[in-house]
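Take a look at the structure below.
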């Protein structure tokens, strides 16, 4: 069975799409990713790649609306040329070309909702209205829906009166430690004896990053590292806050590292944080990638006290929840986490979580779904 996955950016830095495509190849399916980005290698992780990026002059000279029409047409042409059995649309932005491609080829449609797309605060209201309309049009025409958390699955079922709850495939990590020193502490300029708090992923608004810096004032022995490519404007604002609080020697902002080396850096931290603030329903129902990356590295976590993340932390006993908008509460949670670094019971719980929250376990949900779709053809 041939699967065409549609992605509105390059697949290289999208760990979810790479995991899913590779897992399906391993299960015997033919997978092609049609991506809106340049393709330097036609095969990655066992799956094929094809760029649908319009010509440079189109992107450079034409208005944005015309450019969107151009890449929409490019996706549809590629789908028709490839004649897949299944079109797997990653996120709401890919639903419209997927619908047209389905109509022209007779392919089955699977919608992979990476977030609750109608409730993302940094997007315009017109986008939320468009997403609602396109989801209402597309969802009845799907053979299955996949999403990232139980909360989002339930919300989609309620919103669109689905007969079945969407299949949950969480963003658990498939990364492994290589055994090579990542050099995180060296890059931060600190020794092994310094307590290290890690925020993995881009520093951005509504992720508790400024509160994390403020909390550091009450943790005089700790060092904070942001690991990930931040928005330039926000990074400038965050650096100014660091200077204003006199924390230049205890806060380090570092760029992203290659995905295959990520855990070698993560494992050097004493605690990992994910602090999505309660600004929208999408945040409340999210399960951030970084939570599972911390688990894969075996370090305890401090997470925002939101339903989905709290459920994982409480179930496995692997960390602490806190109000991400309260720097004093956040400092107290971090203090507890750092004090428990040598707790053998905590290490044992982390080992259990690491064994259960693995991609080798989670991918079986995706493969079972595709096996059912194949058997129905």
Kindly establish whether residue 296 is touching a residue at least 24 places away in the same chain (Cβ under 8 Å) and either in a loop (DSSP other than H, G, I, E, B) or touching a strand residue (DSSP E or B) at 6+ places or on another chain (Cβ under 8 Å) (or both).
no
Name the one entry in 333, 329 that is at pLDDT 95 or above, assigned by TED's automatic domain parsing to the domain that holds residue 241, surrounded by fewer than 20 Cβ atoms within 10 Å (Cβ to Cβ) and within 18 Å of residue 309 (Cα to Cα).
329
Need the failing condition index for residue 290 against (1) under 16 Å from the mean Cα position of the chain (by Cα); (2) without any contact (Cβ under 8 Å) to a residue 40 or more places away in the chain; (3) not in a strand (DSSP E or B), just the number.
(2)
Being without any contact (Cβ under 8 Å) to a residue 24 or more places away in the chain and either under 17 Å from the mean Cα position of the chain (by Cα) or not in a helix (DSSP H, G or I) (or both) narrows 157, 192 down to just 192
For the range 308-333, which residues satisfy the criterion of being in contact with a strand residue (DSSP E or B) (Cβ under 6 Å, 6 or more places away or on another chain) and in contact (Cβ under 8 Å) with a residue 60 or more places away in the chain?
324, 330
Under 18 Å from residue 2 (Cα atoms), part of a helix (DSSP H, G or I) and under 23 Å from the mean Cα position of the chain (by Cα) - does that describe any residue in the range 25-38?
yes
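The values are calculated or read from the model by the stated rules, or taken from the named source; none is laboratory data. As the structure is a computational prediction, the values presented were derived from the model and not from experiment. Cβ sites come from the backbone with ideal geometry, for glycine too, and all protein chains shown count toward neighbours.
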